[in-house]
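Asker: Sharing a structure below in structure tokens format, with a few things to ask.
The values are calculated or read from the model by the stated rules, or taken from the named source; none is laboratory data. In this text, all values refer to a predicted model and were calculated from it rather than measured experimentally. Methodologically, a virtual Cβ is constructed for each residue, glycine included, from the backbone with ideal geometry; neighbour enumeration extends over all protein chains shown.
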Amino acid sequence: MKERHYKQQLSAFADQEMNKEDRQVIAEHLMNCDECRREYHDVRLGAGLASRLEQVDAPESVWRGIEAELNRSAPRLEAFSKPSWFSLRQVGAFATAVVVVGLLSFFVYNGLFTGSRTMYVSTGVPANPGPHEHNVTIAPSQTTEPSGTTTANRSDQQLPTSADTPPAVQTDATFFPVETITGTPKIGDAAGGGRLAVGEYLETDARSRARIEVAEIGNVEIAPNSRVKLVGTSEKQHRLSLERGGLHAKIAAPPRLFIVDTPSAAAVDLGCEYTLDVDQQGNSKLNVKSGFVALERDGRESIVPAGASCFTMKGKGLGTPFSTAATPEFERALRNFDFGSGGSRAVNEIVNKARAYDIITLWHMLSRVSTNDRQQVYDALAKFVPPPLGVTRDGILSLNKDQLERWRASVEDAWFE
Amino acid sequence: MERLVLVTENRSKTDLLSRCRDGDREAIRTLYMENQKRVYSIALNFFGGDQERASDVTQQVFLKLLKKVDFRGDSEFTTWIYRITVNQCIDDSRKSKRYLNFEDWFGFAEPVTRMSLTDKLHSREISAEVQAVVASLKPKYRLPILLKYVEGMSYQEIAGVLRCSIGTVSSRLNRGHKLLATKLEHLRNEV
């Protein structure tokens, strides 16, 4: 009968991380097994050496660095401090100010002070104008409301919006600060840094670079020869459009808060740092340095983790993510698969050339290849990352979503190990 | 009861974090002082004693804690902070590996330092050699060793930080110990 050894449990035994009964069994085994005893001595030596590692206090310079960073961003933090910080008196004063501003806006808007508008009542007919309104005409660009419009309806449409709120709030909501790094980047027709408002373009020439501060969530450095537009900014989403050139984004925010459109896909930030380049034809290359970025187009998605890149091609859609350390041959085969007429031959080449760091590519390919080709992709991926419990060959070959997702989690674990 | 203690402790940490994010410098300093040693020590040993990188990682971890990440209270605060530290170390490590051969990432590098016999008599220098060899291990073996021997965590706690099973922790430590023994065989008499 084959003797049982306990080599895998020796660390747990040495560290007393097992119950008394198991310890007893292993202790007895060690007395009689030279092979395991030799291993145990090595484990103990390793543990003894590792015990030499020490805890150390961080140098004071670390705290100074943190403080400096906090001071740099302090004004923005304070601008959004919570109401609980206000004293009652401040709350009262603030509320009064809001009411006064609101009433003033309302009166100004409705012409009580300027007499420039007609008031409507719920009956749908113009109210009797006040004495100050008699000699005032409505400007040509303004139109009277159709009969039947109520005051309430009109108010819903035209009460002051966020664009009418005080400047401090308005500016935070509608532009990003831009800092010139080198040269003279242009915003609209104006040269130099400043503000990039919603709808405006920032352009850099061959000698200029600029940095855009994205709300409170990070910044985006714009490379030379780039053209980027601020599409929109709100609490729920900040969106740029990179028409050409390159950018380097450092974002730390909840997933999907920051998006960059390119002519061939949208790069959706999932909390990360990445570089995005767009060529003259509108094709793009994404390179992720930390975290994850999702590339999306027409309901299709490529999730690109740190250490991976992905191409997109205008008119042809998304490519498959690949490791930045992939061999040129592997990359070439993948590009042929994604954008050429590679078909099964390209799949075959990819599978044959795949190494441990190509697991991200293989996982994405599972749902992008034909049923026949899927089998060999499955085998190639399983070689590096065995399917976890509950994930079956049949499930993957039939593209069971739940199973694909579970395997993806394992692939991710292996990727970051 | 244990669960109640955890909930209470997490609530107080959540409050502290909330105050920190509101800009309360005293709270920020408290959070930093309570955790700087564990964060810095992991980073320092992860990078084989490279103080500059460890400092940078420590700073990044705390800035993340203060500005970006939400602690949901569904795990212990310390587990959560270790997890952020480990991820930051790996991220930072990946950045520097981007232009190197990927085999370096999956394989083993030679120990960073070589020391004379005389020097090895000194405990501190032995520790430095151990630190260098530990830093040369693959992260999957390196991290359990750091959490176990620098932070004194149990296998269960390590499994919580690394999001793997206790069995995985056990087998990785087993392998890690043996690798250390092989690479530092010449120190057998020093231990």
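Asker: Say whether the condition of being acidic (Asp, Glu), at pLDDT 90 or above and crowded, with 20+ Cβ neighbours inside 10 Å is met by at least one residue in region A:374-390.
Answerer: No - not one qualifying residue is present in region A:374-390.
Asker: Just for region A:40-55: of the residues that are in contact with a Leu (Cβ under 6 Å, 6 or more places away or on another chain) and of a type outside the set (Gly, Ala, Ser), which one is farthest from residue B:179 (Cα to Cα)?
Answerer: So the residue we want is A:40.
Asker: Pairs under 8 Å by beta carbon, first residue at positive phi and assigned by TED's automatic domain parsing to the domain that holds residue A:214 in region A:233-245, partner part of a loop (DSSP other than H, G, I, E, B) and surrounded by fewer than 18 Cβ atoms within 10 Å (Cβ to Cβ), six or more apart or different chains?
Answerer: Close Cβ pairs (under 8 Å, with a partner that is part of a loop (DSSP other than H, G, I, E, B) and surrounded by fewer than 18 Cβ atoms within 10 Å (Cβ to Cβ)) amount to A:245/A:224; A:245/A:225.
Asker: Considering only region B:143-178, state which residues are surrounded by 20 or more Cβ atoms within 10 Å (Cβ to Cβ) and in contact with a Gly (Cβ under 7 Å, 6 or more places away or on another chain).
Answerer: B:144, B:145, B:176, B:177
Asker: On to the next question. Does residue A:7 satisfy the condition of being under 52 Å from the mean Cα position of the chain (by Cα) and more than 10 Å from chain B (Cβ to nearest Cβ)?
Answerer: Spelling it out, it is not the case that residue A:7 is under 52 Å from the mean Cα position of the chain (by Cα) and more than 10 Å from chain B (Cβ to nearest Cβ).
Asker: Tell me the residue from A:287, A:225 that is without any contact (Cβ under 8 Å) to a residue 40 or more places away in the chain, assigned to a strand (DSSP E or B), over 11 Å from the mean Cα position of the chain (by Cα) and in the same structural domain as residue A:317 (by TED's automatic domain parsing), please.
Answerer: A:287
Asker: I need the full set of residues from region A:328-373 which are in a helix (DSSP H, G or I), surrounded by 20 or more Cβ atoms within 10 Å (Cβ to Cβ) and more than 28 Å from the chain's Cα centre (by Cα), in order please.
Answerer: Selection gives A:333, A:346, A:347, A:350, A:351, A:373.
Asker: Could you list, in sequence order, all residues of region B:41-53 that are within 8 Å of another protein chain (Cβ to nearest Cβ) and farther than 19 Å from residue B:141 by Cα?
Answerer: Across region B:41-53, the qualifying residue is only B:51.
Asker: Right, here's the next one. Which number in (1) over 19 Å from residue A:414 (Cβ atoms); (2) more than 10 Å from every other protein chain (Cβ to nearest Cβ); (3) assigned to a helix (DSSP H, G or I); (4) at pLDDT 90 or above marks the one condition that residue B:160 misses?
Answerer: (4)
Asker: If you check B:143, B:147, which single one turns out to be over 17 Å from residue B:178 (Cβ atoms), part of a helix (DSSP H, G or I) and modelled with pLDDT of 90 or more?
Answerer: Step by step, each of B:143, B:147 is checked, and only B:147 is over 17 Å from residue B:178 (Cβ atoms), part of a helix (DSSP H, G or I) and modelled with pLDDT of 90 or more.
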